[in-house]
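One structure below.
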Amino acid sequence: MANLKETPRQKMIGMMYLVLTALLALQVSDALLQKFTLLNSSLEIANQSSHSKNKGMVEGIEQRIKDLPNPAAYADVITRAQNVRKISDEVVNYLDGLKSKIIDAGGGIDPETGMVKNPKEEEKVFELMVGANKSGEAYHLVNLLDKYVANLEKLADPGTKFSKLALAANEDPTAKMDANQANKDFAELNFQSTPVPAALASLSQKQAEVRRYESEVLNQLAAKVGAKEIKFDKVFAQVSANA
């Protein structure tokens with residue numbers, strides 16, 4: 001696996017997600033649902049920041065190559081960087097589509113509060129994501145995430161390996177220790193008995209991992225053109241979390 005460095009914020013969000021997922025197995029309270037809503041908001045803000053940074057990184061690579069003596073010699077680097085962005089955006093956009101469907105399963109957004117109308121909805125989330133005879137959206141998502149990892153490794157430096165993004169319980173270091181979770185597949189582990197905010201946070205967390213993997217490969221490509229650190233002047237912060 002590639003050595004992917006997490007920022008302190010990413011580590012904090014990851015720890016919050018693990019703790020809240022464990023609590024979810026015990027009970028679903030209004031306070032817990034609110035925590036998942038806040039967690040999802042934090043993940044979405046972080047993901048938007050990663051999106052802007054990675055976009056700027058590709059622009060920086062392109063600009064750096066233009067300044068080199070023989071830009072044509074680095075055409076492959078630009079192509080690979082653009083393909084990394086393309087396949088990453090496709091997965092993130094697909095996950096956004098699933099999040100919209102989950103919000104619809106919760107009754108949509110209340111125009112007065114701006115919140116999901118029925119955040120405690122679990123049955124419709126299960127039907128959508130797991131489904132009868134395991135035919136839900138989450139099973140297609142497993143294939144999509146596995147394909148993404150395989151394609152990303154082809155664009156990365158030789159020997160680069162990334163961990164799977166869609167883990168079954170027996171592949172998850174935390175879940176496999178829980179007798180109640182150990183036999184669940186990815187869909188069941190993430191979307192069985194799961195209210196809307198928790199399901200949204202699960203998908204946002206996958207988006208965060210996609211952006212992190214994307215950033216790792218773009219850093220490799222930046223290094224090929226002698227850009228150990230690329231400065232961006234076209235990236236602007238649009239949203240700032242209070243904590």
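The values are calculated or read from the model by the stated rules, or taken from the named source; none is laboratory data. Note that the structure is a prediction, hence the values are computed from the model and not measured. A quick note on method: Cβ atoms are made from the backbone with ideal geometry, for glycine too, and the neighbour counts reach across all protein chains shown. All accessible areas refer to the heavy atoms of the entire protein, side chains included, with ligands and DNA or RNA removed. Shrake-Rupley method; radii C 1.70, N 1.55, O 1.52, S 1.80 Å.
When the stretch 165-199 is filtered for residues that are of a type in the set (Asp, Glu), part of a loop (DSSP other than H, G, I, E, B) and at pLDDT 90 or above, only ASP185 remains. Of all residues in the stretch 104-126, those satisfying the criterion of being part of a helix (DSSP H, G or I), in contact (Cβ under 8 Å) with a residue 12 or more places away in the chain and open to solvent by 40 Å² or more (accessible area, probe 1.4 Å) are LYS124, PHE126.
Determine if the stretch 46-67 includes at least one residue that is more than 24 Å from the chain's Cα centre (by Cα) and open to solvent by less than 30 Å² (accessible area, probe 1.4 Å). Within the stretch 46-67, one or more residues are more than 24 Å from the chain's Cα centre (by Cα) and open to solvent by less than 30 Å² (accessible area, probe 1.4 Å).
Look at the stretch 64-88: where a residue is in contact (Cβ under 8 Å) with a residue 12 or more places away in the chain and of a type in the set (S, T, N, Q) and a partner is assigned to a helix (DSSP H, G or I) and surrounded by 14 or more Cβ atoms within 10 Å (Cβ to Cβ), sitting 6+ places away or on another chain with Cβ atoms under 6 Å, you get ASN83/LEU155; SER88/VAL210; SER88/GLU214.
If you go through the stretch 181-226, how many residues are open to solvent by 10 Å² or more (accessible area, probe 1.4 Å) and within 30 Å of LYS66 (Cβ to Cβ)? Residues that pass the stated criteria total 9.
For the stretch 127-143, a residue qualifies if it is within 16 Å of LEU165 (Cα to Cα), open to solvent by less than 90 Å² (accessible area, probe 1.4 Å) and not acidic (Asp, Glu), and the qualifying residues are ALA138, TYR139, LEU141, VAL142.
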